[in-house]
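To start, the structure itself, in C-alpha cells.
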Amino acid sequence: MKTNIGVFFGGRSTEHEISVISASQAMHAINRDKYDVTPIYITKQGRFYSGDALFDVSNYRDIPSLLKQCQEVYLRPVFGDYNVYLVKKPFLRSAVLTTLNVVIPVLHGSNGEDGIFEGVLETIGIPYAGCNTLSSANGMDKITMKQILQANDVPVVNYTWFTDKQWFAQRGKIVEKIETMLHYPVIVKPANLGSSVGIGRAANREQLIEKIEDAERYSSRIIVEHMVEQLQEINCSVLGDCDEYQMSVLEEPIKSGDILSYEDKYMGGSKGAKGMQASEKRIPADLPDDVTARIKFLAGETFRVLSCHGVSRVDVIVDNADGSIYVNEINTIPGSLSFYLWEATGIGFEELMDRLVKLALRRKRESSQKTVSYDQNIFAMGGGVKGGIKK
C-alpha cells in the first residue's frame, strides 16, 4: 500500500488564501505513483473538510459551493489514532474516511505556522513534516525569535517591543523610548504575523502612532525595529533538520515601495495570486561570493539555533551603507514551500516533497526511541500520597 499523505491547509489566518495556493502547488507536485494524497481544508471558521474538489484551486472562488462537494471531517486527539473521521457517519458504515501515515502542514500564519496545529499532531503522535511546536512558535514570534538569535550571535537590527495594553497605558513613554533608542524611520510589525500583514514604515511620531494602532489590530505584542534605509532584501531556504541541513541559492525579491508588500509577494503584478513564486525576484541574487557565503551561513545558523526541521526560508537584510548583514525573520512554512529556490538549486518540487516525507518519518523513528514515561505505578507502590489530604 502507498503512504497516505494528509495535506492540511487554509486555517484561521490572515494568510488563508496563500495557504490554499501553496497547498495546491504541493499536492500536485507529490508523486502519485508513490503516495496517496488526502487534502484537508480548514475553513476560516476552523472546520475541517476533505474531498477531491479541494485539489482544484479554481473551486475556492465559491467556498459554499466547494464545501457542498466535500465531507466534513475531524481528528481525534488520541495518541496513535491516525484516522480521519466523518462528522456525519454513514448508515451501517464506518465513520473512518481514511487513515493517514504522515501529515504535511501547509498552514501559513497564526493558528497553523505558530505551533498550535503542530501541538495537535504531536498529541496524536502522527509523523509530520516541518518544525515542531517549540521551533514553530519561536520562529513565528518575531520578538522571541530575535531574542534567541541575539543570544547565539546571529545579528539582528535594533528593536524594542511592547504589548497592546502597555501601549494604551504608557503611550508617551513608549514613543519616547522608540525615538531615543531607534530614531526614525522605523518599521512597525505585529509580533506573530507574516506576509507583510499589519507592517508599516513610520518616518515621524504621527506615522508611528498610526502604524502601531494598525499593528495592534492583529496582535497583542508589537515590535518596532530600526529601518535600514539602504537595504537589500535577500532570501535563502534551508532544508533538513537542525543537525544536518543544506542551503538553497539566494533570491532577491523586488519590492515596489519601502517594504515588500503582500501584493509584491503574492500578486507578482499579475491579475491572480499565484503564491511566492509569482513575485518578482532575481534568482540567484547578484552578490559577491563572500556576501553570498555569509548569508548562507547566517541562514543555516538561524535554522540550527531555532531547532528547525523540514523546509524554511530565512529572510536577510543587507545594509548597503556599510555592508552589515542582519537576519530579519524565518518562515517555518514558507510560501510555495520555496520550491522555486530548490528548483534553482537542483532539487525539483517532487523531490522536495519526497524529502519532507522522509524527514517526517525519520524524526518519528528517532523520537520513538526517547523515554517519555515510566512503567512504574507509584500509587500501586504506596507512593504519591505525600502532601495529600487526610480525612
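Every number in this text was worked out from the coordinates using simple rules, so none of it is lab data. Worth saying up front: this structure is predicted, and the values here are computed from it rather than measured. Neighbour counts run over all protein chains shown; Cβ positions are idealised from the backbone, glycine included.
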Inset, instruction - Please tell me which of these pairs span more than 19 angstrom C-alpha to C-alpha: LYS189/LYS296; LYS68/LYS89; LYS146/LYS189; LYS142/LYS281; LYS189/LYS281; LYS173/LYS211? - result: LYS189/LYS296; LYS142/LYS281; LYS189/LYS281
Legend entry - Relative contact order (%) - the chain, alpha-carbon pairs under 8 angstrom, separation at least six: 16
Legend entry - the chain - convex hull of alpha carbons, volume per residue in Å³: 207
Legend entry - Over the chain: helical MRE at 222 nm, DSSP H runs n ≥ 4 each giving -39500 (n - 2.57), nearest 500: -9500 deg cm²/dmol
Legend entry - Distant-in-sequence amide H partners of GLY6 (H built 1.01 Å from N, under 5 Å): THR38, ASN101, VAL102, VAL103, ILE104
Inset, instruction - Return MET247, MET181 ranked ascending by Cβ neighbour count within 10 Å, so the fewest neighbours appear first. - result: MET181, MET247
Legend entry - Average Cα contact separation per residue, region 158-226, under 8 Å, 6 or more apart, as relative contact order %: 46
Legend entry - Environment charge of SER220, counting only residues whose C-beta is closer than 9 Å and scoring Lys/Arg +1, Asp/Glu -1: 0
Inset, instruction - Treating each Cα of region 158-226 as an identical point scatterer and ignoring solvent, apply the Debye formula and state log10 I(q)/I(0) at q = 0.13, 0.17, 0.27, 0.28 Å⁻¹. - result: -0.28, -0.49, -1.32, -1.42
Legend entry - Under Karplus coefficients 6.51, -1.76 and 1.60, residue-wise ³J(HN,Hα) of region 167-178 in Hz, glycine/proline x: 4, 5, 8, 9, 3, x, 5, 5, 4, 4, 5, 4
Legend entry - Within the chain, longest stretch free of exposed GluC sites (Glu not before Pro) [DSSP loop, at most 15 other beta carbons within 10 Å]: 1-228
Inset, instruction - Taking a cut-off of 17 Å between Cα atoms, list the aspartates and glutamates near LYS2, but don't count ones fewer than 8 places away on the same chain. - result: ASP33, ASP36, GLU350, GLU351, ASP354
Inset, instruction - Please list the non-local residues whose amide H lies under 5 Å from the amide H of LEU250, H modeled 1.01 Å from N, same-chain partners needing a gap of 5 or more. - result: ALA285
Inset, instruction - Step through the residues of region 241-248 one at a time and calculate ³J(HN,Hα) from phi using the Karplus curve (6.51 cos²θ - 1.76 cosθ + 1.60, θ = phi - 60°), rounding each to whole Hz and writing x for Gly and Pro. - result: 10, 5, 9, 8, 8, 9, 9, 7
Legend entry - Tensor-based shape of region 3-128 (alpha-carbon gyration tensor, a/c under 1.5 rounded, otherwise prolate or oblate): rounded
Legend entry - Exposure proxy ranking, count of Cβ atoms within 10 Å, fewest first, for PHE9, PHE168, PHE303, PHE349: PHE168, PHE349, PHE9, PHE303
Legend entry - Per-residue HN-Hα couplings for region 217-228 [Karplus 6.51, -1.76, 1.60; θ = phi - 60°; Hz; x = Gly/Pro]: 5, 9, 8, 7, 10, 10, 10, 10, 10, 4, 9, 6
Inset, instruction - Under 9 Å from the Cβ of ALA191, count the other residues' Cβ atoms, weight Lys and Arg +1, Asp and Glu -1, and hand me the total. - result: +2
